[in-house]
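A.B. asks: What follows is a structure written as structure tokens; I'll ask about it next.
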Amino acid sequence: MGVSIKKPRGMLDIMPQAIGDIPGIDHWQYLENKLHELASCYGYSEARFSFLEHVNLFKRSIGDVTDIVSKEMYIFPGSDELALRPEGTASCVRACLEYGLIGRGALQKLWYLSPMFRRERPQKGRYRQFYQFGVESFGSSSIEAEAEQIAMLWRLWKLLDLTDDIKLEINSLGSAACRESYSKELQSYLLSLGNKLPEDVIERAKRNPLRVLDSKDPAVIDLLADAPMIDNFLSTEDAKHFDNLRSVLQELSIPYVINRKMVRGLDYYNQTVYEWVTDMLGSQSAVAAGGRYDSLVKTLGGDDTPAVGFAMGLERVLLMLQKKDKIQSNSPDGFLIVDNIGVSQTVIAEKIRDLCPWIKLSASASEGSFKSQFKKADKSGATVALIVGDAEFSKESISIKFLREDREQIMVPMNDIAKFLGEQLL
Ligand code: HAM
């Protein structure tokens, strides 16, 4: 007997039914449809990028000493080192530059919904293959760009009835120069603590001191209480940008808290950063995150182009919706049962679909007994069974049995079937 082959750890299969903590396809389609509508309502156009990119793209954008680039990428060795993309922003900028879609003050607003890959330790809400819905807007240095995207997510949480479960945290990292001088000051504070800090934290403080602010270790969190804070390093212009954004959020009645320790795990940000967090998912609290990244386009070879974006993890939102039992399943409307009349099930099903083009109609696609077809109809979750036996066939009619309600079965002439089902099911 052969050895059974399973999917690699942390990768994702999405099936009609839930698999482990990954919901079934109905849930994905429900959320994806909402996201498509949302993005186009805000004037964003969809783009689909290459899954593989040159490793250097991520080194230059996300940063060499981030966890994502230093530990989590799937890299294919070879002369042209390629990696499965761990996020979408770098690919989006690369593609826009490659096809001349950004620069010279043009406004460009794009969205994507696609799998990303990071070799992290898998757990509930954290996978090695995960789906992100991301939006990126190029060409605006105004806080309106941040405000629009935050408002877009707030609208989504309202639509999904999640506003009580998700909290917005915002911060400003200032310009690259502010961040640089803050980073140095924080580093000397951290290194002055000597071996009060664990060995690995000292190492992190040497390589990327801002990352220490993310620490979950209670002892490190205590020691950070006296650490220098980024707001003291912001220029007047950066502080004004942040205050203006806060006023707009207030005007939009979008609640937020300032988290001065939030620095994000990617190096390309400046000024505004934000995360939408929940406590419904244990340690995987970030549901969506983003911010401003005004120097990335130039770093990757383009003109100076201000940019703002965010990405949302679909699995995390779906886990929240699942916990709240929010999504109705996408069962068929009807299940066709044909009982031994010498006419093909498919021929009858096609006739019904011609008359009633909106119907989601399923059938057993085999010639089982009446009883076994009924069992299948029931299991399919269909609202009604459409039955064609001798009596119905001779009268050019169909009997309708309501599978989820205690109602009398009714025979309907084929010519009236669209009207009848429309009234009952739509
Ligand atoms: P990020 O914070 O690395 O940002 O990821 C954004 C979201 O992706 C997270 O808040 C989370 O919901 C989801 N996510 C990340 N890693 C995993 C994982 N291993 N499993 C499941 N979900 C995950 C970015 O990727 C930036 N590109 C966002 C951005 C766009 N900034 C500007 N534009």
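A.B. asks: Lys184: over 33 Å from the mean Cα position of the chain (by Cα), among the charged types (D, E, K, R) and loosely packed, with under 14 Cβ neighbours inside 10 Å, yes or no?
C.D. replies: yes
A.B. asks: For the subset of the range 69-107 comprising residues that are among the polar types (S, T, N, Q) and modelled with pLDDT under 95, which member is surrounded by the fewest Cβ atoms within 10 Å (Cβ to Cβ)?
C.D. replies: Top of the filtered list is Ser79.
A.B. asks: For residues that are more than 6 Å from the ligand (Cβ to nearest atom) and aliphatic (A, V, I, L, M), scanning just the range 302-311, find the one that is nearest to Glu169 (Cα to Cα).
C.D. replies: The extreme case among them is Val308.
A.B. asks: Continuing with the same structure: Looking at the range 1-46, which of its residues are among the small types (Gly, Ala, Ser) and surrounded by 13 or more Cβ atoms within 10 Å (Cβ to Cβ)?
C.D. replies: Gly10, Ala18, Gly24, Ala39
A.B. asks: Okay, moving on. Do you know which of the residues in the range 269-301 that are more than 8 Å from the ligand (Cβ to nearest atom), among the small types (Gly, Ala, Ser) and in contact with a strand residue (DSSP E or B) (Cβ under 9 Å, 6 or more places away or on another chain) is modelled with the lowest pLDDT?
C.D. replies: Ser283
A.B. asks: So which residues in the range 61-91 are within 20 Å of Ala311 (Cα to Cα) and part of a helix (DSSP H, G or I), if there are any at all?
C.D. replies: Once the filter is applied, which keeps residues that are within 20 Å of Ala311 (Cα to Cα) and part of a helix (DSSP H, G or I), the range 61-91 yields Ser61, Asp67, Ile68, Val69, Thr89, Ala90, Ser91.
A.B. asks: From Ala382, Ala311, Ala365, grab the single residue that is out of contact with any His (no Cβ under 9 Å at 6 or more places or on another chain), closer than 30 Å to Met15 by Cβ and loosely packed, with under 12 Cβ neighbours inside 10 Å.
C.D. replies: Ala365
Here is a yes/no grid of residues against (1) without any contact (Cβ under 8 Å) to a residue 60 or more places away in the chain; (2) within 12 Å of the ligand (Cβ to nearest atom):
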{"residue": "Tyr131", "(1), (2)": "no, yes"}
{"residue": "Ser142", "(1), (2)": "yes, no"}
{"residue": "Leu159", "(1), (2)": "no, no"}
{"residue": "Asp165", "(1), (2)": "no, no"}
{"residue": "Glu169", "(1), (2)": "no, yes"}
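A.B. asks: Within the set of pairs 6+ apart or on separate chains, which have a first residue in the range 351-369 that is touching a residue at least 40 places away in the same chain (Cβ under 8 Å), a second that is in a loop (DSSP other than H, G, I, E, B), and C-beta atoms under 6 Å apart?
C.D. replies: Ile359/Asp333
The values are calculated or read from the model by the stated rules, or taken from the named source; none is laboratory data. Please read these numbers as outputs of a predicted model, since none were measured by experiment. Don't worry about glycine lacking a Cβ; one is built from the backbone with ideal geometry, like all the others, and counts go over all protein chains shown.
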